[in-house]
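Undergrad: Structure incoming, see below.
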Amino acid sequence: MEQVEKIFETRELNVNMGPQHPATHGVLRLVLDMDGETIARVTPYIGYLHRGIEKLGESLSYFQALPLTDRMDYVSSMSNNIGYVVAVEKLFGIEAPERAKFIRTIVGEMSRISNHLLWLATHALDIGAMTVFLYCFREREWILELFEMICGARLTVTYPRVGGVRNDVPQEFLDSLYQFTEEFPSRILEYETLIDQNRIWLKRTVGIGVISAEEAVNWGLTGPTLRGSGVPYDVRKHAPYDAYDKVDFEVPIGTEGDTYDRYRCRMLEMRQSNKIIRQCIEKLPPGPVMADAPKFTLQPKDKMMPITHPTQEHAFFIVEKACKGCGMCLRACPAKAIFGEKKKPHTIKQELCLGCATCYVTCKFKAMTIVPGGKGLSDEKLAELAATPLPEEIAKASEYLVKHFEFIRRGPKVPDGEIYVATEVPKGELGFYFVSDGTGKPYRMRVRAPSFVHAGVLPRLSVGHLVADVIAVIGTIDIVLGECDR
Amino acid sequence: MDIFANIITPQTLDALIKFGINVAIIIIKIAVVLGIGLLHVAYATYFERKVIGHMQVRLGPMRVGPHGLLQPIADGIKLFFKEDIIPAEADKPVFYLAPVIFMAASMINLAVIPFSSNFVIANINVGLLFIFAIAGLGVYGIFISGWASNSKYAFLGGLRSSAQVISYEIAIGLSLVGVMIKAGSLNLTDIVNAQEASRYGMYAIPQIVAFVVFTIAAVAETNRTPFDLPEAESELVAGYFVEYSGFRFALFFLGEYIAMFIMASLAAVCFLGGWTLPWYVTKALPFLTYVPGIVWFLLKVYAFIFFYYWIRATVPRYRYDQLMAIGWKILIPIALANILVTGLVKILV
C-alpha cells in the first residue's frame, strides 16, 4: 500500500477563485486548496475594494460623511444611511420627529426587501436557477423606482438626514408602495414555486454549510445568517430604533443552521418587512420630517439663510492692518492663491482664488473680508470696498452665508464622548462607533460591517464540501465587498 | 488494349455511371444536411433566447432585424472576426485540434439520421451503434481542450465533462436496448418502420421507462441544465472552453448545438416514430397523410429541443457528485430493469 502511495503521489490542487469570478459577488478572492473537488482549505482575501471610508469619515463633518455610507453596502444603501444617522443622532442627543421615524422605517424595510431580492436572485443564479434572477429583478426595479420618486437616486440614495429625512414623501409614493405591499406576497410565492420545494434546490442547500447556534454566536454572525441557526437576535427587537417599537412583526428563525434554513429565514423576513411597511403606511403620522434642532441639523436653506445675496459673485480680500501674517490661510488655501512672508501681511492673487472661503474660516484675526460683487475687480478697488461698510442687508446676508458655510464645513459643536449604535441592516448588525472630541468631525469613526465578519466564517462553512458548495456558501452568507472592505 | 476492352464492358460502364450518380447524390445530400445543420444551430440559439426570454418576462433579441431575426447572423459574423486568443502556456497543436474533434464528432452523426423515409445520407445497418461510437469520440474533444488550455478551471471542466459524458452514455445505450429488442434492428430507418407497424405507433408508449431515462440522460450527455456542470459558469466560469475565443469558441458552440439536435432526432426516431404518425392519428384525421414526413420529424425534434430550453429556464443545477449518483445509482439500474422486462415480454408474448 505504501508503495502504491509512493508511486501515485498526489498533490492538492490550488485554485485561485476571484477577484474576477462570476460567483464571488464583487471582488472577493478565495484561494482554494482542493483534494480532487473536495475543499481542504479556503483562504479568503479581502481588501480589493478598500477606499478608506473610516478614515475619510474623520476628515469630513458629520453631515458630509453621510454619502460615504451609501458606498459601503451599495445594495442596501438606504439601510446604511439610516444606521449612520441613527448613530449620529444619538451622539448629538437629538431625536427625529415621529413622521420622519416612520418614513425611515418604511424606506429601511424597502431596502431590506430589495437587498433580499438581489440576494435571492444571485444565490439562485449561482446554484443554476436563472429564471428566479429575472423575476426578483422585476420587483426590485419597482422598489428602485420608488426610491427614485422620493430622492431622485436609485442606488446611492442619501435620503435620511441627521435629525430626520431630506424631504417628505409624496402621496403617489405611498399609493404605489401600498399597491406593492398588496402584490408582493403573491410574487414571493412565485419565486417559491420555482425553488422552494424543488428537489435539486433542496439537494444543493439542505445540509450545506451547517453551523450550530453556539458556533454562529462565537463567530460573531448577525442578521439572517445567525438567525438561520436558531438564535432570535434582531436589533430591531432588542434595541428598537426609529418606529420599530410601534409596529408588530416577528423574527423568523431556522433550526438546522444550513443554507436552506438561512434561505427560508430571508424569504420569511421579506414577508415580515412587507407587513412592517403596510403598518407604517397605515399609521404614518402627520408633522414635520426634520428635527427642530438648528444647532445640530441641516435646516431648510431659507431657514438657515433668511436673506440671501443678490446674485453677484463675491471676492475675498485681506485687510492689511488686521493680518498678522500667521500663515494659516496660506497653508489652508486649496488653490494656493495666497502669498506672503511670515509675520507680514499676506495678499490674495484674485486670478487663482476659487472663492471657496476656506481662508475666511481659517483666519483667526478677522483679517479676511468678504466683498460681495467683488469678483474680477482690482486689488485697489477691493481695498476700497472692504474699507467702506456694507449696506446692512448685504452684510447680514454675508453673515448668514458664512455661517451656513462654516456649519457645513466644520460641522456642529458636538458633545465629547464616545458611542456605539447598532442597527439591523439586511445583512446583519451594522454598528457605528464614534469618538467625539467636541469638534464637528469625529475623532474616530469605526464601522462594524456584517459582511466583514461573515467573510471570515467562509472557511469554517465550506471546508469538507465540494467546489459547487463553496458557491452556495458564498451566496448564503450574503456579503457585499464594498461593505466588507469599506 | 484488349485488357481494357475486356474491363470496360457496357455492364461495367453502367456500374461506373451509377456509382458516379450515387456519389453526386450523396454529395448533394451532405450539402443539404450540412446547410440545414448550420442553419439549425444559428436559429436554435435564436429560438432558445426567445423561448427563455419570454419565460423570464423579457423579450429576448429584438434589435437586429425584425424581432431580432438577424441576431444569429450578426453573432456569427462577430465571432468570426474576433481575435483568436491562444494562451501562452497552452499545448498549441492539441489546443488547435480539440474544437475540430468536438465539432466533427457531432457533425458526423448527421450522416445516419433519417430525416424522412427516403432521405438519409448513409442508411447503414449499425446506425445506432455508429452514433454511440462517434459520440464517444466527442469526449476526446472536451477532454483534450480542458487539458491543452493549461488552465485549472478548464482542466476541472474537462474532467467533469468526460466523466459525465462517459457515464451517461451507458445510460443512453441501455435505455435504447429496449428499442433495439422491440424493433429487432439497429438500422434507424428500420426502427422507424417497425414503430409504424407496431400496435401503439411509437415506442414512447410501451417503452415509457426507457424514454424517461433517455430524456434525462440526453440532457446530461449534451451538458445542458440541470447537468451543465462542465460549464457551470458560477463555479468554473465556462468550463473546458474557458480559454477559447473567437471562431474556436464558435466551433464548440456549433458542436454542442448539433449534439443537441442529434439527441433530439434520436429521441424522435427511436421513441416518437420519426417521420411517421401513429396509425390511429391518421385514421382519425386522414388529411394529415398529405403532410410530408420531414415536417413531422422536424416537429418532433423541435418539440424535444423546446423541452431542453424549458428545463433550462426552470431548474437549478445539480452538484457533480449528485449527478454521478443519479447516473449510476438510478438511471442505469432502471434501464437494466427495463431491458429485462422488455426481453421477457418479447419471449413470452
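Read the figures in this text as sums done on the coordinates, not as results from a lab. Keep in mind that what you see is a predicted model, and the values were worked out from it rather than measured. Cβ atoms come from the backbone with ideal geometry, glycine included; neighbour counts cover every protein chain shown.
Undergrad: Would you list, by chain and number, the lysines whose Cα falls below 20 Å from the Cα of A:Lys342, excluding same-chain residues fewer than 8 positions away?
TA: Candidates past the 8-residue exclusion: A:Lys321, A:Lys324, A:Lys364, A:Lys366.
Undergrad: Follow-up. Amide H neighbours of A:Val425 under 5 Å, counting only residues 5+ apart in sequence or on other chains, H built in-plane at 1.01 Å?
TA: Excluding prolines and chain starts, which carry no amide H, the hits are A:Leu430.
Undergrad: Would you order B:Tyr290, A:Tyr263 from fewest to most other beta-carbon atoms within 10 Å of each residue's own beta-carbon?
TA: Placing the least packed residue first, the sequence is B:Tyr290, A:Tyr263.
Undergrad: Considering every residue in A:10-21, what mean count of other chain Cβ atoms within 10 Å of its Cβ is obtained?
TA: 2
Undergrad: Which pairs in the list A:Lys349/A:Lys413; A:Lys237/A:Lys275; A:Lys349/A:Lys403; A:Lys344/A:Lys375 are over 21 Å apart, alpha-carbon to alpha-carbon?
TA: Violating the 21 Å limit, Cα to Cα: A:Lys349/A:Lys413; A:Lys349/A:Lys403; A:Lys344/A:Lys375.
Undergrad: Per residue of the stretch A:318-324, what does 6.51 cos²θ - 1.76 cosθ + 1.60 with θ = phi - 60° give for ³J(HN,Hα)? Whole Hz please, x for Gly and Pro, Karplus curve as stated.
TA: These are the phi-based 3J(HN,Hα) values: 9, 7, 4, 5, 7, 6, 9 Hz.
Undergrad: Could you please state, rounded to a whole Å, how far the C-alpha centre of the stretch B:50-73 is from the C-alpha centre of the stretch A:27-42?
TA: So the two Cα centres are separated by 38 Å.
Undergrad: Then there's this: For a protection proxy built on the mean count of beta-carbon atoms within 10 angstrom, sort B:145-153, A:332-340, A:459-467 highest first, please.
TA: B:145-153, A:459-467, A:332-340
Undergrad: Give the average, rounded to an integer, of partner chain Cβ atoms located within 10 angstrom of each Cβ in B:307-320.
TA: For this peptide, the per-residue mean of nearby foreign Cβ atoms is 6.
Undergrad: Over chain B, with a Gaussian network built from C-alpha contacts below 10 Å, which listed residue (B:Phe115, B:Phe252, B:Phe132) shows the highest mean-square fluctuation?
TA: Taking springs between Cα atoms under 10 Å, the residue moving most is B:Phe132.
Undergrad: Just counting partner chain Cβ atoms within 10 Å, what average do the residues of peptide A:467-473 show around their Cβ?
TA: Averaged over the peptide's residues, the number is 5.
Undergrad: Let me ask another. Specify the inter-centroid distance of the stretch B:89-141 and the stretch A:326-388, based on alpha-carbon positions, in whole Å.
TA: First find each Cα centre; the distance between them is then 83 Å.
Undergrad: Here is a further query. Sequence-distant or interchain residues sharing an amide H contact under 5 Å with A:Arg29, placed H: which?
TA: A:Tyr45
Undergrad: Tell me, what ³J(HN,Hα) does each residue in the stretch A:345-362 have, in order and in whole Hz, if you take phi through Karplus 6.51 cos²θ - 1.76 cosθ + 1.60 with θ = phi - 60° and put x for Gly and Pro?
TA: So the Karplus estimates, Gly and Pro as x, are x, 8, 10, 9, 8, 4, 5, 8, 5, 8, x, 7, 6, 4, 5, 4, 6, 6 Hz.
Undergrad: Separate question: Compare the peptides B:199-209, B:99-109 by average per-residue count of other Cβ atoms within 10 angstrom and give them in order, highest first.
TA: The peptides rank, most packed first, as B:99-109, B:199-209.
Undergrad: So what is the relative contact order for chain A, in percent, with contacts set as C-alpha pairs under 8 Å and at least six apart?
TA: Worked out over chain A, it gives 23 percent.
Undergrad: On to the next question. Just to confirm my numbers, what's the Cα centroid distance between the stretch A:234-248 and the stretch A:97-174 in Å?
TA: When both Cα centres are located, 19 Å separates them.
Undergrad: What residues qualify as long-range amide H neighbours of A:Ala291, i.e. H under 5 Å apart, gap of 5 or more or another chain, H built at 1.01 Å from N?
TA: Under 5 Å from the amide H of A:Ala291: A:Gly164.
Undergrad: Okay, next question. Please report B:Tyr257, B:Tyr244, A:Tyr233 as a ranked list, fewest other C-beta atoms within 10 angstrom at the top and most at the bottom.
TA: Ranked by crowding around the Cβ, least crowded first: A:Tyr233, B:Tyr257, B:Tyr244.
Undergrad: Still on this structure, I have one more. Which trypsin sites (Lys or Arg not before Pro) in the stretch B:6-77 sit in a loop by DSSP (not H, G, I, E or B) and have at most 16 other Cβ atoms within 10 Å of their own Cβ?
TA: B:Arg58, B:Arg63
Undergrad: Here is a follow-up. Can you give the local net charge around B:Ala183? Use residues other than it whose beta-carbon is closer than 15 angstrom to its beta-carbon, Lys and Arg +1, Asp and Glu -1.
TA: Every neighbour counted, the sum reads +1.
Undergrad: Which of B:Tyr302, A:Tyr178, B:Tyr309 comes first, and how do the rest follow, when ranked by fewest Cβ neighbours within 10 Å?
TA: Ascending Cβ contact count within 10 Å gives the list A:Tyr178, B:Tyr302, B:Tyr309.
Undergrad: Excluding residues on the same chain fewer than 8 positions from B:Lys182, give the lysines whose Cα lies under 20 Å from its Cα.
TA: Straight-line reach from B:Lys182, under 20 Å: B:Lys346.
Undergrad: Using a 10 angstrom cutoff on alpha carbons, build the Gaussian network for chain B and name the most mobile of B:Ala154, B:Ala284, B:Ala42.
TA: Maximum among the listed residues: B:Ala284.
Undergrad: For chain A, which cysteines have no disulfide-compatible partner, meaning no other cysteine Cβ under 4.7 Å?
TA: A:Cys136, A:Cys151, A:Cys265, A:Cys280, A:Cys323, A:Cys326, A:Cys333, A:Cys353, A:Cys356, A:Cys363, A:Cys484
Undergrad: Can I ask one more? Under the Karplus relation 6.51 cos²θ - 1.76 cosθ + 1.60, θ = phi - 60°, what is the ordered set of whole-Hz ³J(HN,Hα) values for the stretch A:453-468, x standing for Gly and Pro?
TA: Result, rounded to whole Hz: 5, 5, 4, x, 8, 3, x, 4, 7, 9, 5, x, 8, 9, 4, 4.
Undergrad: Sort the following peptides by mean Cβ neighbour count (other Cβ atoms within 10 Å, averaged over residues), highest first: A:243-250, B:214-221.
TA: Output ranking for A:243-250, B:214-221: B:214-221, A:243-250.
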